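Q: One structure, pasted below without further comment.
The values are calculated or read from the model by the stated rules, or taken from the named source; none is laboratory data. Quick caveat, the model's predicted, so the values are computed rather than measured. Every residue, glycine as well, gets a Cβ built from its backbone with ideal geometry; the counts of neighbours run over all protein chains shown. All accessible areas refer to the heavy atoms of the entire protein, side chains included, with ligands and DNA or RNA removed. Shrake-Rupley method; radii C 1.70, N 1.55, O 1.52, S 1.80 Å.
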Amino acid sequence: MTQSQMFEGEALPHMEALGKFAYQLCRDEHRSRDLVQETMLKAFKHFDTFRQGSNCRAWLFQICKNSYINAYRRRQREPIAMDFEDESVQAGMGLDIDQVRSARVILADSSDADAHARSLGDEVVTALQSLPLVFQTAVILSDIEGHPYDEIAEFMQVPVGTVRSRIHRGRSMLAGMLAGYARDLGCNVAA
């Protein structure tokens, strides 16, 4: 059996679930389709690293989640091109040049605004990434992406009680790692 045939047998049956997961991440139909396409391309390209007999759905979801995070970070770094000296820009905004220069940039795409509101500081991201993968995935799906426990259990293919345990243990580990950071921010944290 060729690698292409193995990929078709292992990965393609998960396309519908992957599409739903991507939509939950993006909350935008076009972006979610692009995300699924990017995920499948990466999965096909690196299918030789997939361990046969392991959970292909979880592997694809992890690729999808990482691709989403990377795309979000890229969008955050993209400069917004606007010629502030252009009088039509000033007139269109009804502002003089000093007001235009001091204006805050407002995100037009609500999914970017939602993602921005959920963005995490470097210390939190580092702590989250240092968690063992099972705890990291459970905490991200629950606390960052807002999925209910039963969906997380289905995604991780474990009982709901295991999901609750992993979320609790992941949060506890994070609390321990981030206690000093929280105190530095002025939060009242028990020693």
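Q: Within the range 24-82, which residues are charged (D, E, K, R) and at pLDDT 85 or above?
A: Selection gives D28, E29, R31, R33, D34, E38, K42, K45, D48, R51, R57, K65.
Q: Shifting gears a bit: When both residues are 6+ apart or on different chains and their Cβ atoms are under 6 Å apart, which pairs have a first residue that lies in the range 167-178 and is in contact (Cβ under 8 Å) with a residue 24 or more places away in the chain, and a second that is of a type in the set (F, W, Y) and buried (at least 18 other Cβ atoms within 10 Å of the Cβ)?
A: If the second residue must be of a type in the set (F, W, Y) and buried (at least 18 other Cβ atoms within 10 Å of the Cβ), the pairs left are R169/F135; G170/F135.
Q: Let me ask you something else. In the range 21-51, how many residues are of a type in the set (V, I, T) and open to solvent by 70 Å² or more (accessible area, probe 1.4 Å)?
A: 1
Q: Right, here's the next one. I'd like the full set of residues that are closer than 23 Å to Y23 by Cβ and either in contact with a strand residue (DSSP E or B) (Cβ under 8 Å, 6 or more places away or on another chain) or crowded, with 18+ Cβ neighbours inside 10 Å (or both), limited to the range 152-169.
A: Those that are closer than 23 Å to Y23 by Cβ and either in contact with a strand residue (DSSP E or B) (Cβ under 8 Å, 6 or more places away or on another chain) or crowded, with 18+ Cβ neighbours inside 10 Å (or both): I152, A153, F155, M156, V163, I167.
Q: Can you tell me which residue among L141, L178, L174 is hydrophobic (A, V, I, L, M, F, W, C), modelled with pLDDT under 85 and open to solvent by less than 60 Å² (accessible area, probe 1.4 Å)?
A: L141
Q: Quick check on this structure: which one of V100, V105, V160 is more than 21 Å from the chain's Cα centre (by Cα), modelled with pLDDT under 80, among the β-branched types (V, I, T) and more than 23 Å from R74 (Cβ to Cβ)?
A: Result of the check over V100, V105, V160: V100.
Q: Looking only at residues in the range 127-166 that are among the hydroxyl-bearing types (S, T, Y) and touching a residue at least 24 places away in the same chain (Cβ under 8 Å), which one is nearest to S54 (Cα to Cα)?
A: Out of the qualifying residues, it is T137.
Q: Conditions first: (1) at pLDDT 90 or above; (2) surrounded by 14 or more Cβ atoms within 10 Å (Cβ to Cβ). E16 passes all but one, so which condition is the exception?
A: The single condition E16 does not satisfy is (2).
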